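The values are calculated or read from the model by the stated rules, or taken from the named source; none is laboratory data. Since we're looking at a predicted model, the values are computed, not measured. Quick reminder, even Gly has a Cβ in these numbers, built from the backbone with ideal geometry, and neighbours come from all protein chains shown. Surface accessibility is based on the protein's heavy atoms, side chains included, excluding ligands, DNA and RNA. Shrake-Rupley method; radii C 1.70, N 1.55, O 1.52, S 1.80 Å.
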Amino acid sequence: MKDTANTLFNRIEFPVLLAGLVIAGGLWGFEELMEVARATAPHAFDTEILLAFRQAGQPGIPLGPPWLEGAVRDITSLGSASVLVLITAAMIIYLLLIRRPGTALLIFVAVAGGQVLSSLLKVGVDRPRPELVSHLVSETSLSFPSGHAMLSAVTYLTLGSLAARFLHGRATKIYVLSLAVLTTVLVGVSRVYLGVHWPSDVLAGWCAGFAWAMLCWLVARALQRRKVVGDDADGA
C-alpha cells in the first residue's frame, strides 16, 4: 500500500498537486467564512478590520490623504464587471484571430461560469452590505461573497496562467502570475477600504475565485492532454 501511494504521488506533477491543494483550501475556507456570514451579529474581526480603515471615531472618513480615496476607486474598477468583460472579450477575440478556438472557449467558460457561480452564492447566503461605516461607492447587490474579489481571481488568474504558457523563462512566468495575484489582492482590499464589503466577504471571494480558477485550469489541462479540446495553431 505504501509503495502504491509513493508511486501515485511521484506520478502527480507538482503544478497539479498545488492546484488540488488550492481547491481544497479554498473550499474549506469558503465553508468556514460562510458560517461567519450567516451569523446573526458581525464577527469581531470583520468589524475591527472595517473600522481600521476609518479615522478613529469617524466611520465616514477613510484613512489616508484625500487623493487615496480616488486611487482606491480606480483600483476597485479593475474588478468591475465592465472592465473584466472588456478584458475577457479582447482576449477571446485575439485567440480566435490566431486560430485558438479551444483556448478561447475555455476562457469564456471559466469567466462566465465564475460570474454565474458568484451570483448563485450571493443569493444563497443573502448577506446585506455592511452598515458599520459609510459606503464610498454605490452598490446595490448582496454582500457575500465579494463579486469583485471572486471574479478578479477567476479572470486574472485564468489569463495569467494562459499567458505563462507562452512565455519563456521561469522568472517571467512567476512575474506574470504574481501580477495576477497582486491585482486580485488589491481589488479585494479596495472593497473593504470603500466600506462596501465585510472582510469575510472578500476572503470568501478569494477562496471561491482561486478554487474555481484552479478547477478550470485542471479541466483545461486534462482536456488538452486527451485531445478533447485542442488548439488549431497553424496560423499562429
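Overview of values
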quantity: Selected from ALA41, ILE61, ILE174, residue furthest toward positive end of dipole (the chain; charges at beta carbon); calculated: ILE174
quantity: Fluctuation leader among LEU21, LEU78, LEU121 - the chain, Gaussian network, Cα springs under 10 angstrom; calculated: LEU21
quantity: Accessible area per residue, Å², the chain with all protein chains present, probe 1.4 Å; calculated: 55 Å²
quantity: Under-5 Å amide H pairs with ARG54, H placed in peptide plane, nonlocal only; calculated: LEU63
quantity: Distance between segment 207-224 and segment 186-200 - C-alpha centres, whole angstrom; calculated: 25 Å
quantity: Alpha-carbon centroid distance for the pair segment 27-43 / segment 97-160, whole angstrom; calculated: 19 Å
quantity: On Cα atoms only, tilt of 2-11 relative to the major axis of the chain in degrees; calculated: 90 degrees
quantity: Segment 63-179, accessible surface, carbon-and-sulfur percent (1.4 angstrom probe); calculated: 72 percent
quantity: Tilt relative to the chain, helix 101-125 - C-alpha long axis, 0 to 90 degrees, to 10; calculated: 30 degrees
quantity: Signed unit charges on C-beta, dipole axis of the chain, positive-most listed residue THR184, ALA19, TRP212; calculated: ALA19
quantity: Segment 152-214 shape via C-alpha gyration tensor axes, a/c threshold 1.5; calculated: prolate
quantity: Helix 81-97 axis, angle to the chain major axis (alpha carbon atoms, nearest 10°); calculated: 10 degrees
quantity: Computed helical MRE - 222 nm, the chain, DSSP H runs ≥ 4 contributing -39500 (n - 2.57), nearest 500; calculated: -24000 deg cm²/dmol
quantity: Entry for semi-axes √(5λ) of the Cα gyration tensor in Å (calculated from the structure that is shown) out of [x] 37, 20, 17; [y] 27, 20, 18; [z] 35, 22, 16; calculated: [z]
quantity: Spin-label pair ILE49/TYR175, simplified geometry with 7 Å Cα→Cβ offset, distance in nm; calculated: 3.1 nm
quantity: Backbone HN-Hα couplings from phi across segment 72-79 [Karplus 6.51/-1.76/1.60, Hz, Gly and Pro as x]; calculated: 5, 4, 5, 5, 5, 5, 5, x
